Every structure is written in C-alpha cells, then in structure tokens.
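Just below is one structure, and these are the notes that go with it.
The values are calculated or read from the model by the stated rules, or taken from the named source; none is laboratory data. Since the structure is predicted, the reported quantities are computational estimates derived from the model, not experimental observations. Cβ coordinates were reconstructed from backbone atoms using ideal geometry, including for glycine residues, and neighbour counts include every protein chain displayed. To get the accessible areas, we keep the full protein, side chains included, count just its heavy atoms, and leave off ligands, DNA and RNA. Shrake-Rupley method; radii C 1.70, N 1.55, O 1.52, S 1.80 Å.
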Amino acid sequence: MQSNVRPENMERISTKALAEAFIAQQIADIRRQVGDKKVLLALSGGVDSSVVAALLIKAVGKQLVCVHVNHGLMRKGESEQVIEVFRNQLDANLIYIDATDRFLDLLEGVSDPEAKRKIIGGEFIKVFDEEARKLEGISFLAQGTIYPDILESHGVKAHHNVGGLPEDMHFELVEPIKLLFKDEVRVVGSALGLPDSMVYRQPFPGPGLGVRCTGAITRDRLHTLRESDAILREEFDRAGLTDKVWQFFTVVPDFRSTGVRNGKRTFDWPVIIRAVNTVDAMTATVPEIEWPVLKRITDRILAEVPGAGRVLYDLSPKAPATIEWE
Ligand code: XMP
C-alpha cells in the first residue's frame, strides 16, 4: 500500500503533462491493487470524489460501483450533473439514490445545528451502508482522501459525510489522490476531462444546504434557499466573480419580515448573501461586490424566488462571524 507521507522530492502537479504522468501511474497502481475485484465509492460530486471516480473508471471501468446519495440538501442541478457526467458521459456504474424524503422527514422540527449535522451525517452512512449490503462481491472502498486530510486529521476524511462505515464492513481502501494537495487534484481533474464546474467547484459542506436553511428545515424554505442560491451563482458567474471569490452562497433564516406586493401585505423570508475570501477558512474577509451586481441579484431573487421578501448582504468577517450561519 502507498505510504501516507508525501516524498520530499515529489514534484507539484501543476501542468497537464505532469497530471497525465500521474494519471498513468495511478491507473497502473489501481489495476495492480484491485485486480478483477469490485470497488465501491460514495460519489458526492465534489472535486475529490469525482476525480477518484474518473481515475477508477479509466483503470477498472465497470468494476467501480459509484453510489450517489441525494440527501435533498444538494444545490440546484448538482445531482443531475453527477448523473450526466458519470452515467451518461463516462458510462460509469452509478447507483443514484434519491433519499430526500428520508432526510427531510428525519429533520422535521429539528432546530439545533449540531443535532441537524448529526442526523444528516448519521443517515448518510445508513443509506450508504444499506446500498453497500445489497451489492455482491465488493472488496475495496475508494475514498477521495487528499493530503490535507492526512495532515489535519490523521488520514480520516473527517469533513466528509462518509466519516466511517459500520465496524462490521471491512474493505481495503483505494485512495489514489491521498498525497495530492487540492490545487493538484484540480489539475488532475481537468486532465481527466471533468467539467470546470465540477473541478473548480467551491467548497460545499457535507450537510449541504441544511446548514444554510437555519433552524428547523421546511421544504418551502429550502426551495427558496436553493433557487436564490442558483441565481447568486449565475450572476456571480456572469459578473466574472466565480474565480475571484472563494465561497459564496445564500442563507435563508427561519424568521419572516413584512413587505408589500401589488398593494397587499406580505410576510416572507429574508435571503442573505454570504461571500467570503480566505486562504484556509480559519479567517475570512468579505469582498466588495460592485453595487450593480448586488442590485441585479436582489432584483432577480425578489422577482423570481417564491417566499423571498428581502435580500441582505452579510458584511461580517471571520472572526468574529463564521463563514456558515450555523
Ligand atoms: P465556518 O462556518 O466554520 O466554515 O467558518 C469554514 C469552512 O468549512 C465549511 N463547513 C463545513 N464543511 N461539514 C463540512 O464538510 C460541515 O459541517 C461544515 N461546516 C462548515 C464551510 O462551508 C467553510 O468552507
């Protein structure tokens, strides 16, 4: 098995040629490790698991079984993109599970942020475990562990939903990108032909939109959140901000405020825009967004998103505020 220590002389993968050499080496290593056995992978659609999936598809094709669990807290279009790229374009063996109702039913009435995170993480493992048990002859579990995971948390992909499988499930691990830094994973992802929207996807918390629909999640407020977030991403893209701002999203809190539409009183939710720049997510600053961009986003959200009554821009740096709202 590959060591967990990055050799001092390992060149930083910064060019297509270096990425291609890495890919060729990994394909050979994976084939040697896996032989003709089957490999299971929880594919979230984030850059790490997507790159691992693409590498394994190249190396062992249909011996890889990808499981994508839609917990109902994905951003707009994300699960669809996973299906389009992996099933339709790369012809992967992909099991898609829409577990939206399971998650949202369990989360009903739960307002404590930690309790919400626990439910989402725990249920994710349960759903994944149920699927894994239905499959025959799986010998390996692939994981998108990257080098910072090893440095920061002793090799456990702690911030991922799949933090640990039940103890009676024993798989040998396949971790082809575990010595790479994030920027290298992206270069490899591009060389593998993954779309930019996947390769340069901004960080997205494992509990997904669940931590941005504050308090007890309701389906209608989640809809307001997902639609407003999609507009924000579209408009940041159009304004050329996607590469310049580290993370941006909307938040919909669990209180309403008054408004007026067509001469009638309304009582809708505020939509909060959160955008930050940071190096390591330990501290963060708020970028100055051009007024016309903010105005356009505001106008669109108020015109197009059901349940949105106001739009606000969060000016709070980290610290004292965190990046997420809960
Ligand atoms: P905070 O809110 O702590 O966020 O300033 C720092 C970074 O971590 C992400 N984040 C999470 N990621 N599971 C994750 O996988 C989580 O529960 C979680 N909470 C926050 C956040 O999006 C930001 O990039």
Where in the chain are the DSSP H helices whose alpha-carbon span along the long axis reaches 18 Å or more and whose Kyte-Doolittle mean is at least 0.0?
16-34, 47-60
Using only the alpha carbons, work out the radius of gyration and Dmax of region 164-290 in angstrom.
19.0, 64
Using +1 at the Cβ of each Lys and Arg and -1 at the Cβ of each Asp and Glu in region 265-320, identify which of ALA284, GLY307, LEU294 lies farthest towards the dipole's positive end.
GLY307
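If you take the alpha carbon radius of gyration of region 63-149 and divide it by 2.2 N^0.38 Å, what ratio comes out, to two decimals? Mind dumping the intermediate values first?
Working: Rg = 14.6 Å, N = 87, 2.2 N^0.38 = 12.0 Å.
Dividing the Cα Rg of region 63-149 by 2.2 N^0.38 Å gives 1.22.
In terms of solvent-accessible area of protein heavy atoms at a 1.4 angstrom probe, what is the ranking of HIS223, HIS68, highest value first?
HIS223, HIS68
I'd like to compare 8-15, 71-78, 53-60, 179-186: which one has the highest average count of other Cβ atoms within 10 Å, and what's the full order after that?
On the way: 8-15: 11.4, 71-78: 20.9, 53-60: 23.0, 179-186: 18.6.
Taking the mean over residues of other Cβ atoms within 10 Å, the ranking is 53-60, 71-78, 179-186, 8-15.
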What Kirkwood hydrodynamic radius, in Å, does region 1-85 give when the mean of 1/r is taken over all pairs of distinct Cα atoms and then inverted?
14.7
Bins of 5 Å, starting at 0 and running to the largest distance - Cα pair percent for region 20-166:
2, 9, 18, 20, 22, 16, 8, 4, 2, 1, 0
What are the semi-axes of the equivalent ellipsoid for region 245-326, taken as the square roots of 5 times the Cα gyration tensor eigenvalues, largest first, in whole Å?
27, 14, 9
Cα-based Rg / Dmax (Å) for region 1-51
13.2, 33
For region 54-125, whose charge dipole is built from +1 on Lys and Arg Cβ atoms and -1 on Asp and Glu Cβ atoms, the candidate among LEU104, GLY122, ALA92 with its Cα farthest towards the positive end is ALA92
If the cut-off is 18 Å between C-alpha atoms, which aspartates and glutamates fall inside it for LYS58, apart from same-chain ones fewer than 8 positions away?
GLU20, ASP29, ASP36, ASP48, GLU84, ASP91, GLU175
Counting only other residues whose beta carbon sits under 15 Å from that of GLU326, what net charge do I get with K and R as +1, D and E as -1?
+2
For q values of 0.16, 0.21, 0.23, 0.29 Å⁻¹, compute log₁₀ I(q)/I(0) with the Debye formula on a Cα-only model of region 191-250, without solvent.
-0.60, -0.91, -1.02, -1.24
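In debye, nearest 20, what is the charge dipole magnitude of the chain about its Cα centre with +1 on Lys and Arg Cβ and -1 on Asp and Glu Cβ, if you could check?
Working: 41 positive and 47 negative charges, 119 e Å.
Around 580 debye, computed over the chain.
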Considering amide H positions built from the backbone, and no H for Pro or chain starts, which residues 5 or more places from LEU64, or on another chain, come under 5 Å of its amide H?
VAL39
Please report, in debye to the nearest 20, how large the charge dipole of region 276-326 is about its Cα centre when each Lys and Arg carries +1 at its beta carbon and each Asp and Glu carries -1 there.
180
When only alpha-carbon atoms count, how far does the chain stretch along each of its three principal axes, as whole angstroms with the largest first?
70, 41, 37
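Between beta-carbons, use under 14 Å as the cut-off and find the net charge around GLY77, counting Lys and Arg +1, Asp and Glu -1. Please report the intermediate quantities before stating the final value.
Details: positive: ARG75, LYS76, ARG201, ARG226, ARG233; negative: GLU78, GLU80, GLU84, GLU227, ASP229, GLU234, ASP237.
Charge balance near GLY77 sits at -2.
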Area projected by the alpha carbon convex hull of region 166-213, averaged over all directions, nm²:
5.5
Using a simple charge model, +1 on the beta-carbon of Lys and Arg, -1 on the beta-carbon of Asp and Glu, nothing else, what dipole does region 1-158 show about its Cα centre, in debye to the nearest 20?
420
Only helices counted: for the chain, with every DSSP H run of 4 or more residues adding -39500 (n - 2.57) and the sum spread over all residues, [θ] at 222 nm is -12000 deg cm²/dmol
